[in-house]
Amino acid sequence: MHKLQFKVKIQDRDLFEALVYEHISWGWEEEELSRESMILTIYYHQENGARQFREMALALCPGLEILEETVPPQDWNNAWKHFFTPIEVDRRFVVLPEWLQHEKRSEIPIIITPKMAFGTGHHATTHLCLQAVSRLWDKGVLRSGQNFLDLGTGSGILGIACARLGMKGLGLDIDPVAVDNALENIDTNQVQELFQARLGGLEDLSGSRKFDLILGNILSSTLNQMAPEIIRRLDDSGILILSGILTEQAPGVEKRYQELGLGRPVRLTMQEWSALVWAGAKEIHEQRNLVDELL
């Protein structure tokens, strides 16, 4: 196991976190040192992958301080258990690891096997998306029987949440490791009839297919790039939930989607992250008011 540890200056933080978010799908550790710097640690199974990321990081942020070391093999499956605690969202969902799946809870359980795909509910962006889904469901904006698209599905956590509410949909991811993990979690949660995951992107959908709900928890730069196709795939009265957005990047994402015809979104924030929620490609006052109340 190869360990890379980066000391990142505050002025490089956003750039570096965006790089990590795009290339590290299996997670990392962050530690705040002060207002001026932070430590970010990544583990690699192969030294070649660590070397490639190190070169990209230095090219983007030449002032990085980097510590490299080899760590002895560990039982990583059991190591996960020390920090994967249940995550409750709005008293509606609870995200549980598979070894706690038989706990009796009042919330709707989402069972996640923590592997190398993003999405355990611990990260603010995933939590914000689940929170938005929960509150939209409370207001009756989202309903059983609607169809959804989960872009960058990762572990499948968002799609599984929607399926547990009775919605039916598709998860897409360009990372085959993520798709394998999503399929495993779909089976564990027994939502195979409502939620499928497959390798690919928006370009792989049939030409006329649209969705009542689209969720995208990916990089803001990718969301901006995909904006025209995302909007094309959204039903006229559909809901759009976007996250993976640093709060300081949120105005740029809002502007991009508004320029393409959407109205003003509602913003949810947690830590330094934001989620943006739109009432649909065409503004509907009743729905817009519900979304404003919700969130």
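Taken over segment 125-150, the criterion of being assigned to a helix (DSSP H, G or I) and in contact (Cβ under 8 Å) with a residue 60 or more places away in the chain is satisfied by THR125, THR126, HIS127, LEU128, CYS129, GLN131, ALA132, VAL133, ARG135, LEU136, ASP138. Out of GLU248, GLU272, one residue alone is surrounded by fewer than 16 Cβ atoms within 10 Å (Cβ to Cβ), out of contact with any Ser or Thr (no Cβ under 7 Å at 6 or more places or on another chain) and either within 22 Å of PHE16 (Cβ to Cβ) or not assigned by TED's automatic domain parsing to the domain that holds THR120 (or both). It is GLU248.
Please indicate, with yes or no, whether at least one residue in segment 46-53 is in contact with a helix residue (DSSP H, G or I) (Cβ under 7 Å, 6 or more places away or on another chain), modelled with pLDDT of 85 or more and assigned to a loop (DSSP other than H, G, I, E, B). Quick ask: steps written out before the conclusion?
Going through segment 46-53, the residues in contact with a helix residue (DSSP H, G or I) (Cβ under 7 Å, 6 or more places away or on another chain) turn out to be 53.
Subsequent filtering for residues that are modelled with pLDDT of 85 or more retains 53.
From what's left, assigned to a loop (DSSP other than H, G, I, E, B): none.
No, segment 46-53 has no match at all.
If only residues of segment 69-83 that are in a loop (DSSP other than H, G, I, E, B) and at pLDDT 70 or above are counted, the one that is surrounded by the most Cβ atoms within 10 Å (Cβ to Cβ) is VAL71.
Out of the residues in segment 188-211 that are over 19 Å from the mean Cα position of the chain (by Cα) and surrounded by 15 or more Cβ atoms within 10 Å (Cβ to Cβ), which is farthest from LEU130 (Cα to Cα)? Among those that are over 19 Å from the mean Cα position of the chain (by Cα) and surrounded by 15 or more Cβ atoms within 10 Å (Cβ to Cβ), it is LEU205. Of note, ALA227 does not satisfy the criterion of being in contact with a strand residue (DSSP E or B) (Cβ under 6 Å, 6 or more places away or on another chain) and either within 25 Å of GLU17 (Cα to Cα) or modelled with pLDDT of 95 or more (or both).
Can you confirm whether LEU234 is touching a Gly at 6+ places or on another chain (Cβ under 7 Å) and assigned by TED's automatic domain parsing to the domain that holds VAL253? Outline the logic, then answer.
On the way: touching a Gly at 6+ places or on another chain (Cβ under 7 Å): yes; assigned by TED's automatic domain parsing to the domain that holds VAL253: yes.
When the stated conditions are applied, LEU234 passes them.
Residues are listed down the side, and each one gets a yes or a no for (1) without any contact (Cβ under 8 Å) to a residue 24 or more places away in the chain; (2) part of a helix (DSSP H, G or I); (3) in the same structural domain as SER220 (by TED's automatic domain parsing):
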{"residue": "LYS7", "(1), (2), (3)": "no, no, no"}
{"residue": "GLN11", "(1), (2), (3)": "yes, yes, no"}
{"residue": "LEU15", "(1), (2), (3)": "no, yes, no"}
{"residue": "VAL20", "(1), (2), (3)": "yes, yes, no"}
{"residue": "GLY27", "(1), (2), (3)": "no, no, no"}
{"residue": "GLU31", "(1), (2), (3)": "yes, no, no"}
{"residue": "ILE39", "(1), (2), (3)": "no, no, no"}
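Criterion applied to GLY169, GLY154 was being among the small types (Gly, Ala, Ser) and modelled with pLDDT of 95 or more, and the one residue passing it is GLY169.
When TRP99 is tested against (1) part of a loop (DSSP other than H, G, I, E, B); (2) more than 19 Å from MET1 (Cα to Cα); (3) modelled with pLDDT under 80; (4) not charged (D, E, K, R), exactly one condition is not met: (1). The single condition among (1) surrounded by fewer than 18 Cβ atoms within 10 Å (Cβ to Cβ); (2) assigned to a strand (DSSP E or B); (3) small (Gly, Ala, Ser) that GLY261 does not satisfy is (2).
The values are calculated or read from the model by the stated rules, or taken from the named source; none is laboratory data. Quantities reported herein were computed from a predicted structural model and do not represent experimental measurements. Virtual Cβ from ideal backbone geometry, glycine too; neighbours counted across all protein chains shown.
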